[in-house]
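Working notes, beginning with the structure itself.
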């Protein structure tokens, strides 16, 4: 995955997290409480900034009923709907 693809991926990931949070009518603070992380971590993930820890990313996705799928060999990463 090159730098451009990485930027696109983090932007798309952030959009998916924000859309699901809005769909569930949750605030960033409520998602942070459910994921047991900081509100700043949720905000940064949504904005696609910073380097989130994998456990934090997975906790936020799990709190929103989302998952992460990595397609080996193709460099593709997608957010999945676990609900």
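The values are calculated or read from the model by the stated rules, or taken from the named source; none is laboratory data. Computed from a predicted model, the values in this text were never measured in an experiment. Glycine also receives a Cβ, built like all others from the backbone with ideal geometry; neighbour counts cover every protein chain displayed.
Looking at 68, 13, can you tell me which residue is modelled with pLDDT under 95 and assigned to a strand (DSSP E or B)?
Going through 68, 13 in turn, just one is modelled with pLDDT under 95 and assigned to a strand (DSSP E or B): 68.
For segment 36-46, which residues satisfy the criterion of being closer than 14 Å to residue 20 by Cα and surrounded by fewer than 19 Cβ atoms within 10 Å (Cβ to Cβ)?
So the first thing to find is which residues in segment 36-46 are closer than 14 Å to residue 20 by Cα, and the list is 42-43, 45-46.
Matches in segment 36-46: 43 only.
So, residue 66, is that one out of contact with any strand residue (DSSP E or B) (no Cβ under 8 Å at 6 or more places or on another chain) and in contact (Cβ under 8 Å) with a residue 24 or more places away in the chain or not?
On the way: out of contact with any strand residue (DSSP E or B) (no Cβ under 8 Å at 6 or more places or on another chain): no; in contact (Cβ under 8 Å) with a residue 24 or more places away in the chain: yes.
Considered against the rule, which asks whether it is out of contact with any strand residue (DSSP E or B) (no Cβ under 8 Å at 6 or more places or on another chain) and in contact (Cβ under 8 Å) with a residue 24 or more places away in the chain, residue 66 comes out as no.
Considering only segment 47-65, state which residues are exposed (fewer than 13 other Cβ atoms within 10 Å of the Cβ) and part of a loop (DSSP other than H, G, I, E, B).
Of everything in segment 47-65, those that are exposed (fewer than 13 other Cβ atoms within 10 Å of the Cβ) and part of a loop (DSSP other than H, G, I, E, B) turn out to be 49, 50, 51, 53.
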